[in-house]
Structures are given as C-alpha cells and as structure tokens.
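Derivation of every value follows stated rules applied to the coordinates shown; laboratory data play no part. Everything numeric here is computed off the predicted structure, so don't read it as measured data. In this analysis, Cβ positions are derived from the backbone assuming ideal geometry, glycine residues included, and neighbour counts consider all displayed protein chains.
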Amino acid sequence: MSGGQPGGGFGTVFHPEPDPVPGANGGPIRMGQLRPLPRRRRPGMIALAVALIGAGILGGAALYNNLNHQVPVLLVTATVPAGSRLTAADLSTTSVTTGPGVRVIPARQEGQVVGLVATTDLQPGSLLSAADLTSSLPPVSGQELVPIPVRPSELPASGLAAGDHLLVVPAPGAHGASSSAVLPVPGRPTAGVVLAVTRGVGQDGLQVVDLLVPAGDGAALAKEAATGEFALVVTSRQP
C-alpha cells in the first residue's frame with residue numbers, strides 16, 4: 001500500500017504530547033507533577049482568632065486585677081484602750097489586698113467610726129474592723145461592770161486581755177487566813193468578760209480587772225472582790 005512504512009506494517013500510532021504548562025519559574029512542568037493549590041484566605045476564621053486573642057488578654061487582665069485588687073482601709077495609729085472613744089487622730093489609711101476572711105473598714109467610712117467605743121485594746125499598726133467597735137460605753141442593758149483588784153501574782157503569766165472570759169471563784173483563806181478562823185461559806189462562781197486591765201501596778205501593788213457580769217451578779221461580786229478571797233479562772237480567750 002502506497003504511503004506505508006517499509007516492512008508492510010500499518011505504520012505507527014501518533015501520540016501527541018500535551019503542551020507544556022509553565023512552572024513557577026516559567027519553565028515547563030514535567031509530566032506527573034501537580035500544580036500547588038493556591039492558598040485561600042478565610043476572613044471569618046481570621047476574625048474569630050483575633051476575637052479569641054482579645055478575649056484572652058481581657059480575661060487575663062481581669063484576673064490579675066482581682067488577684068491584686070487593693071483598697072484603702074482604716075489603720076490604727078495610736079494605742080486605744082478598751083472602752084475609750086475613737087478619735088480621728090487615732091486613725092490613718094493604708095491599702096491592702098482584700099479577700100475572703102479579711103475584715104476591714106473602708107477608708108471612706110472614717111467619719112462613721114470616729115466617736116465609737118473600742119471593745120478591745122487597739123494597737124498601732126492594726127487594721128480596724130467592725131468587731132473592734134461599739135456605739136455605746138459598757139455596760140449595756142443586762143450587764144454590770146465590777147472592778148476587781150488583783151495582785152499580779154494572781155493573774156495568768158500570759159496576762160489578760162479584753163474579751164477574755166473568766167470565772168471568779170470564791171476562795172476563803174486564800175491569803176493566809178488562820179486555820180482556826182471561822183471562814184464564810186463559799187458562794188458560787190461568777191462568770192464575766194474582761195473589759196479592760198490596767199497595764200501597770202498601782203501604789204497599792206494591785207492591778208484592776210474591769211469585769212462585765214450579768215445584771216444581778218454585780219453586788220455580790222463586788223463584796224467578794226473587796227475581801228480579796230477569790231481566784232480567777234480563764235475559761236476562754238479572745239481570738
């Protein structure tokens with residue numbers, strides 16, 4: 001057959017090559033290579049990421065402020081004995097970190113506490129709390145105040161403080177009464193709460209414990225205190 005290839009065959013099949021596709025650098029891409037897919041930007045995901053980062057920053061700042069939140073509070077700057085009225089000269093302000101269990105009075109309430117009565121001895125450098133103050137001088141209704149003169153040797157070695165609870169126990173012959181003397185029949189112990197204790201010893205060698213007792217017990221306790229024939233028993237202390 002004319003036009004055929006030598007050897008009588010049917011000729012060769014023509015397989016056209018595809019046109020070369022330009023590569024990234026302008027050169028052709030060889031067969032078997034894939035073009036890289038273009039990156040698609042997603043505005044929604046970007047906005048969400050920015051929002052999450054912003055929320056994290058704000059949350060961290062809020063947590064930091066809560067953990068380090070300081071407020072101005074009232075500070076005692078002078079010794080105020082129990083039963084004394086508080087004055088502006090006894091107070092100053094300081095900043096502290098507040099939290100659970102921290103009992104303080106905000107500095108803005110200074111005008112409300114000046115003139116109130118200290119329920120315990122206030123020491124310089126201590127933070128003022130509501131439990132330290134009362135609106136009236138003791139004794140209040142239902143109480144009587146009895147001063148108890150005592151020798152220093154009759155007090156606990158650790159001392160007494162306002163708020164301590166005591167029992168005044170009759171002790172006839174406690175100060176060397178003769179065994180042949182006729183001793184009075186002991187009365188019952190009297191419970192009371194210490195209001196104040198003199199810091200030093202008087203010229204008579206005694207200290208005085210101001211004791212708040214239930215109304216009706218004061219007269220009998222005063223007679224007993226005058227004899228000096230008693231002992232003090234501490235039942236609980238002011239925390």
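Show the residues, 5+ positions off or on another chain, whose built amide H is closer than 5 Å to the amide H of Ile148.
Amide H to amide H, under 5 Å and 5 or more residues apart or across chains, Ile148 pairs with Val209, Asp210, Leu211.
Quick query: amide H of Leu122 versus all other amide H atoms, modeled in the peptide plane; which residues come in under 5 Å with a sequence gap of 5 or more or a different chain?
Val80, Ala82
Hey, got the Cα dimensions of the stretch 70-134 along the principal axes, in Å, largest first?
30, 20, 19
Using a basic spin-label model with each label point 7 Å from the Cα along Cα→Cβ, how many nm lie between Val140 and Val96?
Taking the two extended label points, one gets 2.3 nm.
So what are the ³J(HN,Hα) numbers for the stretch 206-218, from phi and the Karplus equation (6.51, -1.76, 1.60; θ = phi - 60°), rounded to whole Hz, Gly and Pro as x?
Along the stretch 206-218, the couplings run 10, 10, 10, 10, 7, 10, 8, 10, x, 4, x, 9, x Hz.
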